[in-house]
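Shown next, in structure tokens, is the structure this report addresses.
The values are calculated or read from the model by the stated rules, or taken from the named source; none is laboratory data. Since we're looking at a predicted model, the values are computed, not measured. Virtual Cβ from ideal backbone geometry, glycine too; neighbours counted across all protein chains shown. In case anyone asks, the SASA skips ligands and DNA or RNA and just uses the protein heavy atoms, side chains included. Shrake-Rupley method; radii C 1.70, N 1.55, O 1.52, S 1.80 Å.
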Amino acid sequence: MVEFISRYLQNRRGIQATSIYRLAVAVASGQLSWQAALDEARSQRAIADLADGDLIELDRRAHLEAESNLEFGLLLARLTVAAARAKPFEKVYVDLSLNLVEMLQRAGLDEERDYYLRQALQSARRVSYQAGYRSVLNRMARYASMEHNDQEARQYLADQLTVGREESDTAEDVETAILLADMALRDEQRAVAHDLYQRAARSARRLGLYSLVVEALLRQVSIVLENGDNEGALRILRQAEEVSDRTVDTRLRARVAVRHGELQLEAGEFHPAATNFELAMRFARDDEDLALEAQSLRGLAQAKTKLSSAEEAAQYYRDLIELENSIGNTAEAGHAQLELAELLVDLREYDEALRALAGARDTSTRLRDPAMAVRVHGLLGTLMVVRGEADAALEAFEIAVTTSRQIEDHASEVYWLLGAAEAVLRFQRSSDARNLIDRAARLSRSLDNPMYGAQVAGLKGQLALIEGRPQEAARAFSEAAEVALAEGRVRIGVHYLPIMARLAVDRDEPDEALQHMLKALNLAAEFGDGHQLCLLNIQTGRIHRQVDDPESAVPYFTEASRLAEETGDQRLRYRAILGLAETLDDAGDYDRAAATYRRALDVSRQLGNERAVARLHFNLGALLVDIQRDDEARAHLSRSLQIAEQLQEIALADRAAALIASIAPPGFPIDEFQDDMPLNEAPAPPRNIED
């Protein structure tokens with residue numbers, strides 16, 4: 001009852017009315033010495049009317065005072081702790097000591113800080129105050145770590161977790177488990193780290209500390225990946241994603257989405273990866289976290305590149321370059337310029353590619369980064385090849401090769417030697433190519449990478465073809481394919497099989513050619529590249545046509561047409577549909593052939609190559625003549641004649657005019673065909689034009 005009345009009166013008069021507060025004011029104003037005030041604070045007279053709530057309120061007041069006057073705040077906190085010790089409120093004493101310790105840390109009074117920590121630890125142990133004991137150990141560990149006493153810090157943290165059971169873990173214990181796990185991971189104690197992260201995640205989930213659950217889960221991912229469990233890592237990230245959705249922490253959600261996207265990118269799950277990177281970018285922008293936004297843009301650019309969305313990828317790289325430059329990250333901006341340049345070469349945007357490379361070269365010079373300079377000059381060589389500038393290409397490749405040798409990066413040296421060899425082969429410079437291939441072959445033998453041998457063999461095959469040695473070329477390509485497939489590089493192995501098939505056709509060995517193509521189709525199906533599968537089906541269909549087996553060719557062209565629809569590549573779609581139309585024409589299935597030629601004309605409207613349009617009209621017209629649909633034939637042939645004359649395609653114009661004359665009655669005028677059907681693709685050979 002006395003304590004209740006005391007608290008009521010103090011609440012009415014304010015905490016300043018307490019004897020402890022008055023003692024602090026007296027010391028601060030010089031009316032009383034520190035020792036006298038301390039003795040008074042411990043006296044029965046001073047503490048008789050103080051309840052534990054009063055002490056807690058005094059401690060809160062001390063912290064408030066410390067915001068503007070640290071010295072007075074410390075004075076009040078010390079007297080409050082002394083009163084708690086004398087009362088004695090042992091648990092309150094431990095808690096108030098920990099608060100005082102924080103203020104002493106701010107003041108740089110390490111010796112006094114450590115004294116109160118030791119006293120608090122003894123009190124907590126004496127009264128079996130487990131929560132307080134663990135908190136003191138946590139604080140001691142933190143300060144030891146700040147003073148680089150890592151071993152001592154680790155021992156305090158370990159002791160903290162061994163006191164009491166996991167079910168009694170607090171937020172502080174969760175943070176300790178994560179910190180201890182981080183330390184164990186640095187010391188490569190992965191199993192210990194994994195167990196601690198799992199404990200942290202369990203306890204944080206029980207306490208509803210969802211941000212800490214996500215932190216613990218994210219840290220487990222690297223351990224699981226190092227154990228080779230990619231599926232397990234993805235499961236953990238899905239858990240992290242579900243938990244992060246319960247928080248309003250957009251930065252945390254962005255981190256989860258980025259990490260998830262990175263793993264999906266490595267696993268070849270490009271569409272889900274792109275979705276996660278887009279999500280991460282939105283969260284990062286909401287949080288104005290430029291570093292996370294840059295990570296998201298980089299991931300998006302890489303995912304879109306893998307999805308053959310080169311134009312989208314290029315735009316993401318442009319955005320990334322602008323962002324990295326704005327935050328002063330010139331190195332990353334330079335690397336993004338290199339990636340952009342490579343994409344722009346594929347998009348035939350050569351001028352912009354050259355500008356991107358110039359920016360990357362400036363960055364490599366400024367950073368004095370020879371590895372980056374190697375890649376800059378290697379890509380410059382590639383760009384000069386496609387621009388048809390042979391000497392400039394060789395000069396750039398030679399710089400890349402020389403710089404690689406200077407920094408003793410022999411793998412890079414071989415890589416760019418092979419690039420230079422491929423360039424000179426394109427320019428039909430056989431002697432230069434042979435020299436470069438021999439240099440690459442000698443150097444590759446000293447490296448533990450069979451794929452360099454495969455590339456060397458592939459280039460030897462190209463050289464043999466140029467020099468008219470098809471049998472030697474076939475052996476070289478066979479070796480390249482065999483090595484690539486043995487090394488699990490299926491895409492590269494599949495690249496060589498169609499070349500071997502064409503050589504087999506040239507040797508009049510169609511069965512062998514078809515075996516190569518069927519093997520390529522089966523292998524390509526494993527990695528599900530629709531574009532590649534479409535091309536392989538088209539080539540297989542063509543081989544069947546070459547051996548006068550149009551019925552066997554039809555399913556391949558039909559499948560190619562379906563795959564082209566899925567990829568959205570109109571040029572590829574045109575080639576597949578045209579092949580199907582010509583095959584149906586060869587097979588005498590004229591109605592289906594005519595309908596398929598019309599589909600090719602529909603596609604051609606979107607592509608815009610008038611020369612191909614003229615030849616398609618001729619093919620369709622010639623077919624219609626054969627099935628005696630003269631009026632329709634005349635319209636298509638007239639359109640073919642009109643376009644051929646505009647393009648000065650004399651042979652095609654003469655052929656169209658001759659067919660029109662063969663079906664038109666004397667004096668019948670040539671009709672104008674008004675349907676405009678353009679196409680931008682290699683021209684289709686006119687039907688029977690060589691007959």
> Charges only on Cβ, +1 for Lys and Arg, -1 for Asp and Glu: so what's the dipole of the stretch 134-292 about the Cα centre, in debye to the nearest 20?
Replying inline: 340 debye
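Ranked by accessible surface with a 1.4 Å probe, highest first, in what order do W416, W34 come?
Values: W416 25, W34 90 Å².
If we order W416, W34 from most to least accessible, we get W34, W416.
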> By the gyration tensor of its Cα atoms, with a ≥ b ≥ c the square roots of the eigenvalues, what is the shape of the stretch 317-446: rounded for a/c under 1.5, prolate for a/b over b/c, or oblate?
Replying inline: oblate
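Where does the stretch 21-88 land on the Kirkwood hydrodynamic radius, alpha-carbon pairs, in angstrom?
Details: mean 1/r = 0.0852 Å⁻¹.
After inverting the mean inverse Cα-Cα distance, the result is 11.7 Å.
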> Helix 650-663: angle to the longest alpha-carbon principal axis of the chain, degrees 0 to 90, nearest 10?
Replying inline: 60 degrees
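Does the stretch 297-386 classify as rounded, prolate or oblate by the C-alpha gyration tensor (a ≥ b ≥ c root eigenvalues; a/c under 1.5 gives rounded; else a/b over b/c gives prolate, otherwise oblate)?
Working: a/c = 1.93, a/b = 1.10, b/c = 1.75.
Verdict is oblate for the stretch 297-386.
Could you check how much of the accessible area of the stretch 234-380 is carbon and sulfur, as a whole percent, using a 1.4 Å probe?
44 percent
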> Which value, in Å² and to the nearest 10, is the accessible area of D631 when all protein chains are kept and the probe is 1.4 Å?
Replying inline: 120 Å²
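Test of understanding: what is the full-extension gain from T402 to D195, defined as 0.36 nm times their sequence separation minus their Cα-Cα distance? Write out the running numbers ahead of the final one.
Details: separation 207, 0.36 × 207 = 74.52 nm, distance 4.97 nm.
Here the segment from T402 to D195 would lengthen by 69.6 nm.
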>> Please report the projected area of the stretch 408-478's Cα convex hull averaged over all directions, in nm².
In response: 4.3 nm²
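For an R0 of 30 angstrom, estimate the FRET efficiency from the Cβ-Cβ distance between D187 and D409 and round to the nearest 0.05. Present the calculation step by step, with values, prior to reporting the outcome.
Working: r = 32 Å, r/R0 = 1.05.
About 0.45, to the nearest 0.05.
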>> Could you tell me the center-to-center distance, by alpha carbons, between the stretch 316-360 and the stretch 219-270 in angstrom?
In response: 28 Å
>> For a quick check of your reading of the filter: which GluC sites (Glu not before Pro) in the stretch 212-244 sit in a DSSP loop and have no more than 14 other Cβ atoms within 10 Å?
In response: none
> Once you charge only the Cβ atoms, +1 for Lys and Arg and -1 for Asp and Glu, what is the size of the charge dipole of the chain about its Cα centre, to the nearest 20 debye?
Replying inline: 2580 debye
> How many Å² of accessible area per residue for the chain, probe 1.4 Å?
Replying inline: 49 Å²
> Which aspartates and glutamates have a Cα lying under 17 Å from the Cα of K91, excluding residues fewer than 8 positions away in the same chain?
Replying inline: D52, D54, E57, D59
> aspartates and glutamates near K306 by alpha-carbon distance under 17 Å, same-chain residues fewer than 8 away left out - which ones?
Replying inline: E262, E266, E269, E278, E339, E342, D346, E526, D529, E566, D569
>> Starting from the Kirkwood Rh over alpha-carbon pairs, what translational D in µm² s⁻¹ does the chain have by Stokes-Einstein at 25 °C and 0.890 mPa s?
In response: 75 µm²/s
> Using the Cα gyration tensor of the stretch 477-551, with a ≥ b ≥ c the square roots of its eigenvalues, what is the shape: rounded (a/c below 1.5), prolate (a/b larger than b/c) or oblate (neither)?
Replying inline: oblate
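At 0.36 nm per residue, minus the direct Cα-Cα distance, what do F427 and D49 gain on full extension? Give it in nm, one decimal, please. Can you show the working numbers first?
Numbers: separation 378, 0.36 × 378 = 136.08 nm, distance 9.98 nm.
That pair, F427 and D49, stretches by 126.1 nm at full extension.
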> Which one of N619, Q471, L32 has its Cα pushed farthest toward the positive end of the charge dipole of the chain, where Lys and Arg give +1 and Asp and Glu give -1 at the Cβ?
Replying inline: L32
>> If you count only protein heavy atoms and use a 1.4 Å probe, how large is the accessible surface of H63, to the nearest 10 Å²?
In response: 60 Å²
> Under a no-solvent Debye model with one identical scatterer per Cα of the stretch 506-653, what's log10 I(q)/I(0) at q = 0.10, 0.19, 0.20 Å⁻¹?
Replying inline: -0.38, -1.11, -1.17
> Relative to the longest principal axis of the chain, what angle (0 to 90°, nearest 10) does the C-alpha long axis of helix 130-146 take?
Replying inline: 70 degrees
> Which of the GluC sites (Glu not before Pro) across the stretch 414-497 are loop residues per DSSP, with 15 or fewer other Cβ within 10 Å?
Replying inline: E467, E487
>> Please compute the modelled spin-label separation between E467 and E389, points set 7 Å along Cα→Cβ, answer in nm with one decimal.
In response: 3.0 nm
>> Between Y590 and H63, what is 0.36 nm times their sequence separation minus the Cα-Cα distance? Round to one decimal in nm.
In response: 180.4 nm
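When the accessible area of the stretch 409-523 is computed with all protein chains present and a 1.4 Å probe, what percentage of it is carbon and sulfur?
46 percent
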